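Each reported figure results from applying straightforward, stated rules to the coordinates on display, with no laboratory input. For clarity, every value in this text was computed on a predicted model and none was experimentally measured. Here Cβ is always computed from backbone atoms with ideal geometry, including for glycine, and neighbour counts include all displayed protein chains.
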Amino acid sequence: MPRRAPQGTQAVQRALGLLRSFTPEAPEHRLSELAAAHGLHPSTAHRLLGVLEAEGLIGRSPDSQAYRWMPGAPGAGDAAPSPRYNGLRPLEPLRTPFHRRTAALCESGAWRDWSGYTCVETYEPTPEREYWAVRNAAGLIDVSPLFKYEITGADAVRLLDRMMTRDFSKSQTGRVMYTSWCNEDGHLLQDGNVQRLARERFLVSAAEPCLRWFEDCGWGMDVEVRDVSEEIGVLALQGPRARAVAEAATTGLDFGAMRYFDLAAGEVGSGAGGAPVTVTRTGYTGDLGYEFWVAAEHAEALWDALVEAGRDHGLLPAGLLALDMVRVEAGLVLIDVDYVSASHAEIEVLKATPAEAGLGFTVKLDKQADFVGRRALVLERDRGPAWAMVGLEVDWFELERLWSEIDLRPQVVGQPASRKPTPVFAPGGWQVGQCTSRFFSPLLKKYVGLATVHADAAALGTELDVEVAVGYGRRRARARVVRRPFFNPARKTAVDPMPGVDE
Amino acid sequence: MTDAIVVGAGHNGLVAAAYLARAGLDVVVLESSPEIGGATRSQEAFPGFRFSVFSYLVSLLRPEVIHELDLVRHGLLLVPTASTLNPLPGGDCLFREADPQRTYRHIARHSRRDAEALFEYKLEMRRMGHLMYRLQRAAPDELAAAIGDRVAESAEHLDVEVSAEVADIARYFLDLPAERLRGFVQMLTMSSADFLGQWFESDVLKAALSSSSIIGSMLSPRTPGSAYVLLHHYMGEVDGVYREWGFQKGGTGAVAATIARAAQSHGAEIRTHSPVARVLVSDRRAAGVVLANGDELRAGVVMSSAAPQISLGRLLDPEDVPGGAGAGLVERAARWQSGGCAGKVNLAISGLPRFECMPEPGPHLSGGITIAPGLDYVDRAYDDAKYGGFSERPFIDMIIPSVLDPDMAPPGKHVLSCFVQYAPYELAAGSWDEGQREAFGDAVVRTLAEYAPGIEDQILHRQVLVPPDIEAIAGIPGGNIFHGELRLSQLFLLRPDPAAAAFRTPLPGYYLCGSSTQFGGGISGGPARLAALRVLDDLRTADTAGGGSAEAP
């Protein structure tokens, strides 16, 4: 027989449940919302909330329409003012707008800092299932910590054309452009996506802060740059089933018509009246995928809709370890791993031009507008880049050979992508560069890596040696320069992508 | 002109063809059934539901086969099944995860000593796997010659040249520490229950680990010799990690398709609907085949991937075999131990099964799930079959392919693959008619429902396959999934026949390359690779000898 809580206990439980709803991240709640969320009759909820308020555990919003979290109230999940910070609250890790959802699913307890945000490294103890979900079904990745800047005004195109290496005179509303931006010396500051939301409205996403740089570049222009980083939550839905999941989770979007790097606006959920969401057919996985941009207050509704729709398609939430594995397979460079931003490279040799970082395709030297770094990049074009970003591949038999020296089978599988640079040599010779991202791809069954090497060692098919750890030793593995991306399924860019398009 | 004919387009036949074609030979593969694959076969048995009809997981596939034939480029895509769940009565379970520390905690609930011993056991089995990894790279006669050379310098009777690699392997084997050699002998001779008893005390863990010792074999974990079957399953690997298993996207039929594409990329031709009647002999050597329709196809080399009852029986006229060896060959092939013991029940289900021990969806559903709650349980299941019945409460090894590859079933629905023991080839009472098949299927569902209540209501379609179906569809006589029991009397230089143990047969130009040759059994491709390399060696030798016995391309 189910045990029933005594009357008094039940009231305490309910009151504590209500109290726990108030957190620094979700400080305000209306009565009706709380009653619904806790399965209480509104009058019961009202009574309990009244007690909590009288006891000083919660307060009222300025317009008294809602109950409000009280800083410092016991049990409200808040940290007390710290003497160490002279009475200020200590700087807590930031939470993305999806945090409550991701935290509930993070069984491993493995978190990682990303731009101050607490992000899931891997939901399960090992990232394998999350990695395979992206390649075989669908993965859902919280990428909200990206910096986001809204650029509006009559001169928005002019500003972007002045800052960016891509030709923004050709940008169209409803399209996303991937671009680099450089300093005056033509050295890379960052790379990122620019959404054209309207004729005079853009959204730039970037890995690192760049408000000041954008504002300075737009000095005197009729343009406003606004940091909207914390206002927008971003979810990447990636994998062969991404379209089916996206379709089931949203309304008002035509995924069949949506091309690679298209952008469209729709609503969350299957019925009308859902939260507005912007969808871009972009991602950092090299697979079929979409990114969803939603106002922070609707973030959880978006998450819930996607997870619900994904239930029938093998969707798994995926952490940053899995993301890093698939992005290496996709041959996509990562700032401050595969190249160092000129904004914090202490010495010249660490800096890279877009061409040297493998982003030469984003540089449009013949566009109408002059842009920051152009003069230097024209000179570079004439004399040729000194370095090149290449894909390196070490085949299975080479791995077997190296590990057989210590009587082991290759111990390469199941390890996350390494971001520690390792030297690259001419065969049996001098160092010609460094390999900055690498891992053994269980999909390709090869060791693959991104490397920066002297331009004359970059031709496809060139044989190079890359240093690998074999047991306690360091060995040189024979590698070959191969085309990037290492993995490039047709579904990534297919028009009207359907399941099984790569078979 | 065709240089080589391969009989049978199962995974081994296709591997052999790919290696020969890759070396520049003009190869034709002849398959009797309408489809390639043999026992590596996928089928959309019900609209929207795709099954791996027979074999269901991949681990034994040799890395050298994968990489020499560039199978990844041709479509090999193995999704790991990292965990094993053994549901137990009363809502309990034994769960082994990818993370060894979590596995320790799961097992410690049953026995702390066993949880700790598992680390040691796995270490020892990895070392065993590593030994087997080497042995698998050597043709048995060459290895025997190499060992003979070293031990007694007396291997002249084996007509084989020892390569440097095999000489190394022989040295490795002979230099093994005594305790490892002892372990090897134990594994060849002991029962798995006794072998595991050296490490473990808890019955549930012993039963769980013994699952690999009975797969495909008419053995109980308590039958001497079952430890070898365990070893056979520990020599598999995925990317250098022993004892890992993967699910091929699209089912195991996609493995065959992948190898077929590799073979075709080198110019091999694959003909289905082409049953072979017999090997054509001219001038006391194989000269091609005669098809069932009477057509003749001539070639200097004939390889058969079929089981010995076919390869050394049906396809050979004893009179054709030189030296009067034919009669003995045919007689021994007829006595080859190769009765089927396993059935396959493939279920299309309306949703994920809810196991009493772990009802909610989770990582456990993307791993193996085995019903083997105790050694007595499995032994009793075996007893049923020993006396000619199917197990009333069977051993079941399951996976849910649609969790690993959503394309296997319509959205939200799933396929459940149940490998079931025991189901003898011949029933003592009656025959495998529709009624017996359904009764067998019912026994499986009944057993499942003990651990996943409500599953009977989730079943949309059911495919029940028993050994005679394996025989009829995959062409394996008796329906033995390994083309013959894996026991010491049928291994190494005795597999499948003392006179045909190293891919060559007494009939020059006629070779064996299937699972009935050494280290066969499982989706390995290893025997076919070694067989093809032996053929190529023989052709080279004949070539340099100036047109001796074999015909060079």
Once the Cα atoms of helix A:7-20 and of chain A are each reduced to a long axis, what angle between those two axes, in degrees from 0 to 90 to the nearest 10, is obtained?
-> 40
At what distance in nm do the modelled label points of A:ALA296 and B:ALA327 sit from each other, each positioned 7 Å from its Cα along Cα→Cβ?
-> 9.2
With point charges of +1 on the Cβ of Lys and Arg and -1 on the Cβ of Asp and Glu, referenced to the Cα centre of the protein assembly as shown, which listed residue (B:LEU61, B:ILE455, A:SER43) lies farthest in the positive direction of the dipole?
-> A:SER43
Total charge of the residues flanking B:VAL403 in space, meaning their Cβ is under 15 Å from its Cβ, with Lys and Arg +1 and Asp and Glu -1, is +1
Sorting B:TYR451, B:TYR377, B:TYR387 on the 10 Å Cβ count, fewest up front, what's the list?
-> B:TYR387, B:TYR377, B:TYR451
Taking 0.36 nm per intervening residue step and subtracting the Cα-Cα distance, what contour gain separates A:LYS420 from A:VAL12 on full extension?
-> 141.6 nm
Estimated FRET transfer efficiency when R0 is 25 angstrom, pair B:PHE492-B:HIS67 (beta carbons, to 0.05) | 0.45
Charge dipole (debye, nearest 20) of the stretch B:3-66; +1 at Cβ of Lys and Arg, -1 at Cβ of Asp and Glu | 220
Dipole magnitude of the stretch A:331-463, debye to nearest 20 (Cβ charges: Lys/Arg +1, Asp/Glu -1, about Cα centre) = 360
Could you calculate the FRET efficiency of B:HIS273 with B:ALA499 from 1/(1 + (r/R0)^6), where r is the beta carbon distance between them and R0 is 30 Å, rounded to 0.05?
-> 0.40
Answer rounded, prolate or oblate for chain B, using the Cα gyration tensor with square roots of eigenvalues a ≥ b ≥ c: rounded when a/c is under 1.5, else prolate when a/b is larger than b/c, else oblate.
-> prolate
Calculate how steeply helix A:374-383 sits against the longest principal axis of the alpha-carbon atoms of chain A, using the helix alpha-carbon long axis, and give the answer as 0 to 90 degrees to the nearest 10.
-> 30
Full-stretch length increase - A:ARG175, A:GLU200 - with 0.36 nm per residue and alpha-carbon distance subtracted | 7.7 nm
Looking only at Cα atoms, what is the convex hull volume of chain A per residue, in Å³?
-> 214
About the Cα centre of the protein assembly as shown, what is the dipole size in debye to 20, counting +1 per Lys and Arg Cβ and -1 per Asp and Glu Cβ, all else neutral?
-> 1020
For A:GLU53 and A:SER270, what does the FRET efficiency come to when R0 = 30 Å and r is the distance between their Cβ atoms, rounded to the nearest 0.05?
-> 0.20
Hey, in the protein assembly as shown, which Cys have no second cysteine's beta-carbon closer than 4.7 Å?
-> A:CYS106, A:CYS119, A:CYS182, A:CYS210, A:CYS217, A:CYS435, B:CYS341, B:CYS418, B:CYS513
By Cβ neighbour count within 10 Å, fewest first, B:THR447, A:THR285 rank B:THR447, A:THR285
Which residues in the stretch B:385-407 place their backbone N less than 18 Å from a point set 7 Å from the Cα of B:ASP433 along the Cα-to-Cβ direction?
-> B:389-390
Just grab the label-to-label distance for A:THR251 and A:TYR472, each label 7 Å out from Cα along the Cβ direction, in nm (one decimal).
-> 6.6
Report the one residue of B:ALA532, B:ALA178, B:LEU512 whose Cα lies farthest in the direction of the positive end of the charge dipole of the protein assembly as shown (charges on C-beta: Lys and Arg +1, Asp and Glu -1; origin at the Cα centre).
-> B:ALA178
Residue farthest toward the positive end of the dipole of chain B, with Cβ of Lys/Arg at +1 and Asp/Glu at -1: which of B:PRO468, B:LEU143, B:LEU209?
-> B:LEU209
Please work out whether the stretch B:255-385 counts as rounded, prolate or oblate from its C-alpha gyration tensor, where a ≥ b ≥ c are the square roots of the eigenvalues and a/c under 1.5 means rounded, while otherwise a/b larger than b/c means prolate and anything else oblate?
-> oblate
Compactness ratio of the protein assembly as shown: Cα Rg over 2.2 N^0.38 Å, N = residue count?
-> 1.05
Residue exposure sequence - A:TYR472, A:TYR131, A:TYR260 - by fewest surrounding Cβ within 10 Å = A:TYR472, A:TYR260, A:TYR131
Find how many whole Å separate the alpha carbon centroid of the stretch B:176-217 from the alpha carbon centroid of the stretch A:192-227.
-> 66
Hypothetical label at A:ASP370: residues of the stretch A:201-220 whose amide nitrogen lies under 16 Å (7 Å Cα-Cβ projection) = A:217-220
A:TYR260-B:ALA449 pseudo-label distance in nm [points 7 Å out on the Cα-to-Cβ vector] = 5.2
